[in-house]
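Colleague: Below you'll find the structure I mean.
The values are calculated or read from the model by the stated rules, or taken from the named source; none is laboratory data. Keep in mind that what you see is a predicted model, and the values were worked out from it rather than measured. Quick reminder, even Gly has a Cβ in these numbers, built from the backbone with ideal geometry, and neighbours come from all protein chains shown.
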Amino acid sequence: MFVVTGNTGTGKTSVTKYLNDFYEMPKVITHTTRPPREGEQDQVDYYFESPESFKQNHYLETVQYNGYHYGSSTEGLERAWQKNPLITIVLDTAGAQTYARELPADEVVVIYLTVSEPADLIHRLANRGDDVAKIESRLKSKEYQRDLTLPAALAKGSHVVVNDDWADTKRQIDQIIKEEISES
């Protein structure tokens, strides 16, 4: 399982889409109570849940972020593994720590995405259409501050990718996949 983590706006969705398209790794579809962004589809991007339906799933991890609940269910993991033994999931750093702790170490590969200039994250959030008030709220959140750096619990064995240039990022991801697949 390739766990893609990092702060909001670092390119987690883009990297996961690349892994899905180029390497045919299915994405574990996670659950959220936040409303879909323009173009997002239920059961493709997330399982978009009501607060009531969210509580009915069996989660490996859950988190509340910016007023919404997010979580990955054991059912979602099984659905992805039925498609391919190599899968991807997007998690915040707290979720990545849970996966690294709860699943066998040889099953989890953590890819932490970051950027050289944290101010670039604000521009990326605005460019993808996020509401300005929500961006400001997110920047003040403890989760945003937490995800600016790789947690010490993930430092050993994680791959850090600085996503300033997409072509370079893809080369780094390709190298990580090559190394990890040859080791397994």
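Colleague: When the residues of the range 63-78 are filtered to those that are within 12 Å of the chain's Cα centre (by Cα) and under 17 Å from T13 (Cβ atoms), which remaining residue is surrounded by the most Cβ atoms within 10 Å (Cβ to Cβ)?
Modeller: Filtering the range 63-78 for residues that are within 12 Å of the chain's Cα centre (by Cα) and under 17 Å from T13 (Cβ atoms), the one surrounded by the most Cβ atoms within 10 Å (Cβ to Cβ) comes out as S72.
Colleague: Report yes if some residue within the range 96-110 is surrounded by 16 or more Cβ atoms within 10 Å (Cβ to Cβ), without any contact (Cβ under 8 Å) to a residue 60 or more places away in the chain and of a type in the set (S, T, Y); otherwise report no.
Modeller: Yes, the range 96-110 has at least one match.
Colleague: Could you tell me whether the range 117-130 includes any residue that is more than 14 Å from F2 (Cα to Cα), in contact with a helix residue (DSSP H, G or I) (Cβ under 6 Å, 6 or more places away or on another chain), of a type outside the set (S, T, Y) and surrounded by 18 or more Cβ atoms within 10 Å (Cβ to Cβ)?
Modeller: Checked against the condition, which is being more than 14 Å from F2 (Cα to Cα), in contact with a helix residue (DSSP H, G or I) (Cβ under 6 Å, 6 or more places away or on another chain), of a type outside the set (S, T, Y) and surrounded by 18 or more Cβ atoms within 10 Å (Cβ to Cβ), the range 117-130 yields at least one hit.
Colleague: In addition: Does G76 satisfy the condition of being assigned to a helix (DSSP H, G or I), touching a Phe, Trp or Tyr at 6+ places or on another chain (Cβ under 8 Å) and touching a residue at least 24 places away in the same chain (Cβ under 8 Å)?
Modeller: Against the criterion (assigned to a helix (DSSP H, G or I), touching a Phe, Trp or Tyr at 6+ places or on another chain (Cβ under 8 Å) and touching a residue at least 24 places away in the same chain (Cβ under 8 Å)), G76 qualifies.
Colleague: Considering only the range 43-62, state which residues are under 17 Å from the mean Cα position of the chain (by Cα) and of a type outside the set (F, W, Y).
Modeller: Q43, V44, D45, L60, E61, T62
Colleague: With the requirement that a residue be basic (K, R) and within 21 Å of L139 (Cα to Cα), what does the range 32-78 give you?
Modeller: R34, R37
Colleague: Go through (1) touching a Lys or Arg at 6+ places or on another chain (Cβ under 7 Å); (2) without any contact (Cβ under 8 Å) to a residue 12 or more places away in the chain; (3) among the β-branched types (V, I, T) for T62 and report which single condition fails.
Modeller: (1)
Colleague: Please pick out the residue among N20, N7 that is surrounded by 15 or more Cβ atoms within 10 Å (Cβ to Cβ), under 23 Å from V161 (Cα atoms), touching a Leu at 6+ places or on another chain (Cβ under 6 Å) and in contact (Cβ under 8 Å) with a residue 24 or more places away in the chain.
Modeller: N7
Colleague: Kindly establish whether Q56 is in a loop (DSSP other than H, G, I, E, B), more than 27 Å from Q172 (Cβ to Cβ), out of contact with any strand residue (DSSP E or B) (no Cβ under 9 Å at 6 or more places or on another chain) and at pLDDT 90 or above.
Modeller: Yes, satisfied.
Colleague: Go through (1) at pLDDT 75 or above; (2) surrounded by fewer than 16 Cβ atoms within 10 Å (Cβ to Cβ) one by one and return the number of the condition L91 breaks.
Modeller: Against the list (1) at pLDDT 75 or above; (2) surrounded by fewer than 16 Cβ atoms within 10 Å (Cβ to Cβ), L91 comes up short only on (2).
Colleague: Every residue in the range 23-62 that is among the hydroxyl-bearing types (S, T, Y) and surrounded by fewer than 18 Cβ atoms within 10 Å (Cβ to Cβ), please.
Modeller: Y23, S50, S53
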